[in-house]
Amino acid sequence: MNIIAAVDENWGIGYKGRLLVSIPRDQKHFREETTGKVVVLGRKTLETFPQGMPLQNRTNIILSQDKSFQVKGATVVHSIEELLEELKQYPSEDIYIIGGESVYEQMLQYCDTAHITKIDHSYQADTYFPNLDRDPDWEITADSDEQYYFDLTYTFYKYQRVDK
């Protein structure tokens with residue numbers, strides 16, 4: 001199972017319900033990775049999408065504790081157990097955890113690959129991704145050349161869970 005995020009120098013991912021920054025090449029990378037695949041996200045993350053609608057050309061699975069929450073064009077589950085049961089019908093390599101903070105924290109243990117865009121800047125943030133550089137269970141297995149977006153630099157990294 002995959003997990004994908006863009007993080008700043010402090011592993012921040014958002015502030016006041018928004019991404020820290022939108023980088024077109026990172027958004028393209030996200031689309032290329034997830035199109036035609038299964039994306040797992042929380043209700044709050046869904047609310048940040050245009051018109052609060054599920055992502056097109058993907059199977060959207062929303063994790064929400066609200067039992068009455070429904071979304072046209074998406075499957076809604078209400079617990080990690082229910083989510084894991086739902087995910088059994090899909091190949092693990094086609095599943096991408098896309099946020100937000102609590103979904104990342106709950107699902108990281110089930111993932112073996114992390115696609116992380118590291119932005120060489122520190123933003124004001126109130127939501128974070130777990131710091132994989134400090135986690136001995138993860139190692140970088142691939143990275144891109146440094147990328148540029150105006151005055152920002154960023155790098156695409158692929159982390160793999162270390163076999164023990």
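The values are calculated or read from the model by the stated rules, or taken from the named source; none is laboratory data. Keep in mind the model is a prediction, meaning the values are calculated, not measured. Here Cβ is always computed from backbone atoms with ideal geometry, including for glycine, and neighbour counts include all displayed protein chains. SASA here: full protein model, heavy atoms, side chains in, ligands and nucleic acids out. Shrake-Rupley method; radii C 1.70, N 1.55, O 1.52, S 1.80 Å.
Let me confirm something: among THR75, THR48, which residue is β-branched (Val, Ile, Thr), open to solvent by 40 Å² or more (accessible area, probe 1.4 Å) and touching a Lys or Arg at 6+ places or on another chain (Cβ under 9 Å)? Walk me through how you get there before you give the answer.
On the way: THR75 fails: touching a Lys or Arg at 6+ places or on another chain (Cβ under 9 Å).
Answer to the check: THR48.
Only one of TYR154, TYR149 is hydroxyl-bearing (Ser, Thr, Tyr), at pLDDT 95 or above and surrounded by 15 or more Cβ atoms within 10 Å (Cβ to Cβ). Can you tell me which?
Testing whether each residue is hydroxyl-bearing (Ser, Thr, Tyr), at pLDDT 95 or above and surrounded by 15 or more Cβ atoms within 10 Å (Cβ to Cβ) leaves just TYR154.
Out of the residues in segment 117-164 that are within 17 Å of the chain's Cα centre (by Cα) and in a helix (DSSP H, G or I), which is nearest to HIS29 (Cα to Cα)?
LEU132
Does ASP137 fit the bill of being open to solvent by 70 Å² or more (accessible area, probe 1.4 Å) and either farther than 20 Å from ILE80 by Cβ or modelled with pLDDT of 95 or more (or both)? Spell out how you get there, then give the answer.
Values: open to solvent by 70 Å² or more (accessible area, probe 1.4 Å): no; either farther than 20 Å from ILE80 by Cβ or modelled with pLDDT of 95 or more (or both): yes.
The answer is no for ASP137.
I want to confirm something. Restricting to segment 30-43 and keeping residues that are under 12 Å from the mean Cα position of the chain (by Cα) and not charged (D, E, K, R), which single residue is most open to solvent (accessible area, probe 1.4 Å)?
By that ranking, first place goes to PHE30.
Return yes or no: is VAL103 touching a residue at least 60 places away in the same chain (Cβ under 8 Å), open to solvent by less than 40 Å² (accessible area, probe 1.4 Å) and part of a helix (DSSP H, G or I)?
Yes.
Spot the failing condition for LEU55; the list is (1) closer than 27 Å to ILE140 by Cα; (2) crowded, with 19+ Cβ neighbours inside 10 Å, and only one is missed.
The number of the failed condition is (1).
What is the one condition in (1) farther than 22 Å from PRO130 by Cβ; (2) exposed (fewer than 15 other Cβ atoms within 10 Å of the Cβ) that LEU84 does not satisfy?
(1)
Check segment 59-72 and report whether any residue there is open to solvent by less than 20 Å² (accessible area, probe 1.4 Å), farther than 17 Å from ASP126 by Cβ, touching a helix residue (DSSP H, G or I) at 6+ places or on another chain (Cβ under 7 Å) and polar (S, T, N, Q).
The answer is yes; a qualifying residue exists.
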